[in-house]
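Here is the structure we will look at.
The values are calculated or read from the model by the stated rules, or taken from the named source; none is laboratory data. For clarity, every value in this text was computed on a predicted model and none was experimentally measured. Ideal geometry is used to build each Cβ from the backbone, glycine not excepted, and the neighbour counts take in all protein chains shown. SASA here: full protein model, heavy atoms, side chains in, ligands and nucleic acids out. Shrake-Rupley method; radii C 1.70, N 1.55, O 1.52, S 1.80 Å.
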Amino acid sequence: NSMIRQGVTTIVGGQCGASLAPLIGVRAIQSIQKWGNINALNINWQTMSEYLQYLDTLQLGVNYASLIGYGTLRRGLLHDQYRALSDQELQVMLQQVKNALDQGALGLSQGLAYGHLRMATFEELVEVAKMIGKKGKTQTLHVRNDGQAIVEAVDEAIALAREGRVSTHISHLKILGKKNWKYFDEVLLGLTMRLRKG
């Protein structure tokens, strides 16, 4: 296996809000279409446990773990509607997250800069974060903005971690655009100071 030869022993899938499971609707899989041709996929699973069981049959040469892509879940529930969730829809999402965590998901990923997740309110995200925290799992965040609003986006990530009482990883912390590099020190100082207050 070429991955093993390179020293890679573990792969974590389902980053930035998009995963191959769970799939709660026929449109859910469209959340990953920006990374590949979804027409070439032969999907015979719906839940996280079915997906992980399928992967076991492949006898992969590396360890594999999957995060729940919250964008995939939201897309499956709302289809092409870009809006906030109703209270009832939030309860459906929380149950889906709980089920997938119970079935072996490593945690949950958020791609707050992408599609459906741009419409997720802070309150919705806190409720999801609390569910992940209660289960002792991790959330990963691609923050809402990597450019001019990077400071506010990192502040939101820290607030979600605190209010949700959940272990949080900011995926690929970066600043896009040379004109925005001036915010780098403020981002790092903000992270350092807020984490010290912890």
Integer Hz, Karplus 6.51/-1.76/1.60 couplings in order for the range 68-81, x for Gly and Pro:
7, x, 5, x, 5, 4, 5, 5, x, 7, 9, 6, 9, 8
For the Cα atoms of the chain, what angle does the longest principal axis make with the long axis of helix 48-57, in degrees from 0 to 90, nearest 10?
60 degrees
Simple spin-label estimate for Lys134/Thr192, 7 Å along Cα→Cβ, in nm, reads 3.8 nm
Run the accessible area of the chain with a 1.4 Å probe and give the carbon-and-sulfur part as a rounded percent.
51 percent
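In Å², what does the accessible area per residue of the chain work out to with a 1.4 Å probe?
That works out to 55 Å² per residue.
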How far is it, in nm, from the label point at Lys178 to the one at Glu163 when both lie 7 Å from their Cα along the line to the Cβ?
3.8 nm
Between the residues Tyr70, Ala100, Leu160, the Cα farthest towards the positive end of the dipole of the chain, that dipole coming from +1 and -1 charges on the beta-carbon of Lys, Arg, Asp and Glu, is from Leu160
Could you rank the peptides 12-22, 80-90, 149-159 by their average count of other C-beta atoms within 10 Å per residue, with the highest value first?
12-22, 149-159, 80-90
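Quick check on the chain: helices-only [θ] at 222 nm, where DSSP H runs of length 4 and up contribute -39,500 (n - 2.57) each and the sum goes over total residues. Nearest 500, please.
-12500 deg cm²/dmol
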In the chain, what percentage of the DSSP-assigned beta bridges are antiparallel, given to the nearest 5?
0 percent
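Under 8 Å for C-alpha pairs, at least 6 residues apart: give me the relative contact order for the chain, rounded to a whole percent.
Worked out over the chain, it gives 20 percent.
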One finds, for Asn99 and Gln148 with R0 = 41 angstrom and r their Cβ-Cβ distance, a FRET efficiency to the nearest 0.05 of 0.60
